[in-house]
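The values are calculated or read from the model by the stated rules, or taken from the named source; none is laboratory data. These figures come from a predicted structure and were not determined experimentally. With ideal geometry, Cβ positions are generated from the backbone for all residues, glycine too; neighbour counts draw on all protein chains shown. Quick note on the areas: whole protein, heavy atoms, side chains included, nothing else; ligands and nucleic acids left out. Shrake-Rupley method; radii C 1.70, N 1.55, O 1.52, S 1.80 Å.
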Amino acid sequence: MEFLPKTFSFDENILRVVFCAGEIPEPSIMIDKGEPFIGRSKIDAIYNENGIEFEYEGEIFLKQTALSMTEKELTKYDGRNVKIRSIKTANGESWTVDEASEISDGTSFCAKVTFDISDSLIFGLGQQEDGHFIRNGRHEYLYQNNMMIPMPVIVSNKGWALFFDAGCVFTFDEKDSKMELEFSALDSLDYYVIKGESIPELIRSIRLLTGQAAMLPKWAMGYVQSKERYVDQWDIINHAKKFKELNIPLSCIVLDWQSWEDGKWGNKYVDKYRFRDLPQMVKELHDMGVAFMISVWPNMSLGCENNREFMEENLLLANASAYDAFSQRGREIYFDQLRRELYSAGTDAWWCDSTEPCTPDWSGSVKLCERERFELTRSDLEKYLGARRANLYAVYHAMGVYDGLKEHDNRRVLNLTRSGYPSIQKYGALLWSGDTAAKWSTLKNQIAEALNMSISGYPYWTLDIGAFFVKAEERWFWRGDYSGGVSDDNYKELYLRWLQFGTFLPVMRSHGTDTPREPWHFGDPGDTYYESIVDYIRLRYRLMPYSYSLMAHVHFLGDSFIRPLVFDFAHDDIAVKTDDQYMFGPAFLVCPVYEPMGKDADEPIRRVYLPSKAKWYDERTMDLYEGGQYIDAIAPVESMPLYIKAGSIIPISAGGTGELDAIEIYPGEDAQFTLYLDGGNDYTCDDGNFCAIDISWDEKEQQIICSDPEGLYPFPEKLTFVLRSKDESFTKSVKLTSKGAKLSFKL
């Protein structure tokens, strides 16, 4: 069968390439249909006997050099003829197929495509657990699994990217400038070639393809407290009260698994003995200004009320436990089950856990080699879900929750979920890195995985501060190093470093098992660990106006919270390859500490690279450094090295409430930042109900210029500016009008 290439202009900088034997397929759920592009892409595809050369403004920048499409017969489990059993794993209760007959799932193709990437550095592919940032010389297995979030995205430092419209599992291999991807089950090879002047431009194009990220509720920019687990409603209320008594800010508290009655795993009715009045519990939290998130699962115990409802309509996967999220009717039933008790009680956010419903990994105490893990999981994903969409379950699941919630009211959706794929950002999905283990090596890897997710185009990513597994018990092959938990100062140090890093992620969330996670378990007021944990939580609230403005930039402009240094310093060969530092928005250079030093270390040093063509303020001392050099930064356990780029504008909440109080200016270069304000919890912002003010700093004139406020949301009557310097700060306020304002500083 001959597969002929066809090309289509998606945008002037995006070219769609399709190899198919018949009619041109419709793009998958991942591609945002939007308004059709009228015009011609600036990217040209030149066909020759060797493949395809991609040209932009007269320059060949990428070559497809080989393609093979091998026909294969697909099968899947026949859900009507299986024998299943319940098993207990570190991931909770699960159900596995012991015996099953298989039925045909049609004919498809295994596609293997090769590119000549010349001297490009390759990034992307999502989160792969191993902490490798640059993908050159790597072989990767791309499938949904705990701690793995594949993204069919390749990004080059040479101004191009590739996006593959493929829902199947796949592999990646690069060697000697030859990049090969092998897709398990495709009816056609369908990919997009993207060109841009910078990586941020490429990321914007990826979002144009897959859809803009939904705005999350404003409270999500605060601090989220979770653990495995709060046992009843009094436990939750009392913990929220203690935060208030100790004057520690808290935006959300999370109820992890087993809210249901014993023996009814995943049932979306709470245990009435432990949660006697769920609406009253949620109301008490709201009265304290605390949102409520609850864990919900796609799999349900055999015979419980929710499970029976799906079974009656034949909408369960072959394990008779997880529901069929690919079915419109299945998604409607699932949301209706959420609505009846949990949503109607006032729940603010959803933790859609375990959205990779086939994870044989959890059954083993010994870690298999990567090839074996891949084959084992691939087989289950393909047999349960169908090979063509083995990586897509979480996207359909998130879409059903999002659509159901939006149909009922206009509150913003926040869906914390462990698995994802491109386009899930449209549905308010916050991805987290999975059930990590408390090790210093894990913390280091998590930094690179944060960069990987961002450079793959995904904006909302977080982690379990302190890792999920802490103890060294053999429940699974991932386990921590600290059986003493919070009674061990060594774990306290690791936790604090994890929390410092987590302060500068899109969402700051503490979570895990084995040991408590609330600040007061790490010491009493006055103790180093307690005080530093609380200081960083308060820092998070101090920066909320900045972080919330960044989220608006993500939503409206396709920007990113987490910016690997290659985003902004592509000219700097050292910065391009740096995988343990990053920018948080345009202002902050974040340098997490990932090696133990001890609370009383004589020389707590963290080697830091300051990118060139910039100057950097030490956030703690306000010392100013030239870029383009390594420095030995002082990093006592209570303080992570943090730098602010000269020429930065940072809206802050001086009172720590999260509300705008002032705007700090860090002089040294011209600067620009868009301040964003709105109501914080609905989607009227998409209809213009926001206030956006462009603020500029003119270094030569020592002048601040505020643009005309844009949008329908009331603008502040007055803005207070603080010009920061080494020795003192200069504060001035200006009355804002619909015509903007100007303010001069004379130093």
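Among the residues of region 57-69, those that are out of contact with any Gly (no Cβ under 8 Å at 6 or more places or on another chain) and surrounded by 11 or more Cβ atoms within 10 Å (Cβ to Cβ) comprise 60, 62, 68, 69. If only residues of region 364-421 that are of a type in the set (Phe, Trp, Tyr) and modelled with pLDDT under 95 are counted, the one that is nearest to residue 29 (Cα to Cα) is 384.
Of the residues making up region 578-601, those that are surrounded by fewer than 20 Cβ atoms within 10 Å (Cβ to Cβ) and among the aliphatic types (A, V, I, L, M) are 597, 601. Anything in region 322-357 that is acidic (Asp, Glu) and over 16 Å from residue 298 (Cβ atoms)? List them, or say none. The answer is 341, 348.
Strands (runs of 3 or more DSSP E) fully within region 1-112 that include at least 1 residues being modelled with pLDDT under 95, touching a Leu at 6+ places or on another chain (Cβ under 9 Å) and over 30 Å from residue 513 (Cβ atoms): 4-11, 14-20, 51-56, 59-89. Taking region 377-388 as the range and being in a helix (DSSP H, G or I) and surrounded by 18 or more Cβ atoms within 10 Å (Cβ to Cβ) as the test, the residues that pass are 377, 378, 380, 381, 382, 383, 384, 385, 387, 388. From the list 474, 518, the lone residue that is in contact with a strand residue (DSSP E or B) (Cβ under 8 Å, 6 or more places away or on another chain), surrounded by fewer than 19 Cβ atoms within 10 Å (Cβ to Cβ) and either of a type in the set (Val, Ile, Thr) or at negative phi (or both) is 518. The residue that is nearest to residue 353 (Cα to Cα), among those in region 242-275 that are under 25 Å from the mean Cα position of the chain (by Cα) and small (Gly, Ala, Ser), is 266.
Taking region 454-503, which residues are charged (D, E, K, R) and assigned to a loop (DSSP other than H, G, I, E, B)? Listed by number, the residues that qualify are 464, 471, 473, 474, 475, 479, 481, 488. Considered as a group, the residues in region 3-56 that are among the charged types (D, E, K, R) and closer than 24 Å to residue 388 by Cα include one that is most open to solvent (accessible area, probe 1.4 Å), and that residue is 23.
Once region 347-391 is narrowed to residues that are of a type in the set (Val, Ile, Thr) and in contact with a strand residue (DSSP E or B) (Cβ under 8 Å, 6 or more places away or on another chain), the residue that is farthest from residue 681 (Cα to Cα) is 377. Being farther than 30 Å from residue 481 by Cα and open to solvent by 10 Å² or more (accessible area, probe 1.4 Å) holds for only one residue in 391, 410, and it is 410.
Scanning region 483-496 for residues that are surrounded by fewer than 24 Cβ atoms within 10 Å (Cβ to Cβ) and not aliphatic (A, V, I, L, M), which turns out nearest to residue 122 (Cα to Cα)? This residue is 493.
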